[in-house]
Each structure stands twice: as C-alpha cells, then as structure tokens.
Amino acid sequence: MEENSRKYPFGTIEDILRGCEAEPTEADRQTEMDGGILLTSGVHVYLPRHEINVHEGFFCHMEKGRLVPQNMLTVIYDRADKEYLYDAEENFVDTVHEWLKGKCTPEQLEQEPCEVKGIREDIVYGKSIQTGGSGRNHCRDGTACGSAGRLSGKR
C-alpha cells in the first residue's frame with residue numbers, strides 16, 4: 001500500500017483524479033461545521049510549496065438519517081491534513097489562488113508540482129491516468145464561479 005510520490009502539474013491533477021477509478025487508502029472525513037457536515041475525500045493533493053493539502057468535498061445536511069449534499073467544494077487543509085483552512089465552490093486552482101490572496105497567478109499555480117496522497121500507487125500509475133486541461137471555470141457554464149471562499153470554519 002505504498003502511496004504515490006510522483007509529481008504532477010497542479011493544473012492537470014483535478015481532471016486526472018476525476019478521470020481515474022482510484023481506490024483510496026484513506027477514509028473520507030466528516031466534520032461538523034456551521035449546522036451541517038463538511039465531507040472531504042480521503043484522496044488529496046499536496047502542494048509542497050504552500051504546504052497545504054487540497055481535497056474535493058461536499059457541504060451536506062442530514063435528512064432522514066442520510067447525508068444530503070448541498071454544495072460541491074474544494075477544501076484546503078494544512079500540511080499535516082488536520083487543520084481546516086479554507087473552502088470555496090471553485091476548482092482546485094481557483095480555490096488555492098483565492099486562499100493565497102493573489103500571491104501568484106492561476107497560471108503559475110497550474111505549473112506547480114503536486115503529489116497525490118491517499119491513493120494506491122498502482123492505480124495512479126495505471127492506464128486510466130491522462131493529462132487534461134486545468135478544469136478552470138471561466139464563468140460560462142452557470143456554476144458557482146466567483147463564489148466567496150470561507151476561512152477557518154466560517155461559512
């Protein structure tokens with residue numbers, strides 16, 4: 001169960017993860033927050049330069065004993081993957097760019113090396129991995145483009 005240590009350009013990894021049928025080695029996480037539950041994937045992307053982990057997630061509420069997703073989010077945790085830092089209804093690149101408050105451009109972020117964590121190595125290196133576009137939302141598809149992110153548990 002050795003984890004992947006291959007580096008990918010951050011701008012391609014979101015599409016790569018969505019396109020592969022990877023088996024996670026870490027469980028999804030549920031955190032109570034703001035009257036709901038933040039559900040984040042055990043599979044995450046580590047950005048060494050910024051010492052953060054980036055997860056896909058959902059903000060959910062309970063209905064009849066079941067979790068019901070309300071919003072799809074990109075969620076940022078600290079390097080140790082313990083402290084919640086930020087979330088937004090954006091793709092990976094745009095969310096990290098917002099969290100960094102413009103300290104670098106989205107284009108620079110897209111080129112930064114990142115590592116996939118919480119996934120079996122043989123699946124990451126499998127033939128289902130393909131490079132793709134940045135996944136950036138250019139506000140033309142009616143999704144939550146330009147949403148205000150949240151810091152440190154404030155929704």
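Solvent-accessible area per residue for the stretch 24-127 at a 1.4 Å probe radius, Å²? Before the final figure, lay out the partial values.
Numbers: 5210 Å² over 104 residues.
Per residue, the stretch 24-127 has an accessible area of 50 Å².
Sketch the reach of a paramagnetic label on GLU26 as a point 7 Å from Cα along Cα-to-Cβ, and name the residues of the stretch 54-80 whose backbone nitrogen lies under 19 Å away.
Under 19 Å, as judged by backbone N against the label point of GLU26, lie 54-59, 73-80 of the stretch 54-80.
For the stretch 60-101, what is Rg from Cα atoms divided by 2.2 N^0.38 Å, rounded to two decimals? Walk me through the numbers before you get to the answer.
On the way: Rg = 12.8 Å, N = 42, 2.2 N^0.38 = 9.1 Å.
Rounded to two decimals, the normalised Rg is 1.40.
Percent of Cα-Cα pairs per 5 Å bin, from 0 to the last occupied bin, for the stretch 1-55, please list those.
Whole-percent P(r) values from 0 Å outward: 4, 14, 23, 26, 17, 10, 4, 1.
Can you tell me how much longer the chain between ASN71 and GLU107 gets when fully stretched, taken as 0.36 nm per residue apart minus their C-alpha distance, in nm with one decimal?
Once the chain is fully extended between ASN71 and GLU107, it gains 10.4 nm.
What number, in nm² with one decimal, is the all-direction average of the projected area of the convex hull of the alpha-carbon atoms of the stretch 29-108? The partial results should precede the final answer.
Details: hull surface 21.4 nm².
Seen from a random direction, the Cα hull of the stretch 29-108 projects 5.3 nm² on average.
Estimate the FRET efficiency between GLU51 and LYS7 by the formula 1/(1 + (r/R0)^6), using the beta-carbon distance for r and 25 Å for R0, to the nearest 0.05.
Details: r = 15 Å, r/R0 = 0.61.
Given R0 = 25 Å and the Cβ-Cβ separation, E is 0.95.
The values are calculated or read from the model by the stated rules, or taken from the named source; none is laboratory data. Note that the coordinates shown come from a computational prediction; the quantities given were computed from them, not determined experimentally. All Cβ positions, even for glycine, are placed from backbone atoms using ideal geometry, and neighbour counts span all protein chains on display. For accessibility, only protein heavy atoms count, side chains too; no ligands or nucleic acids. Shrake-Rupley method; radii C 1.70, N 1.55, O 1.52, S 1.80 Å.
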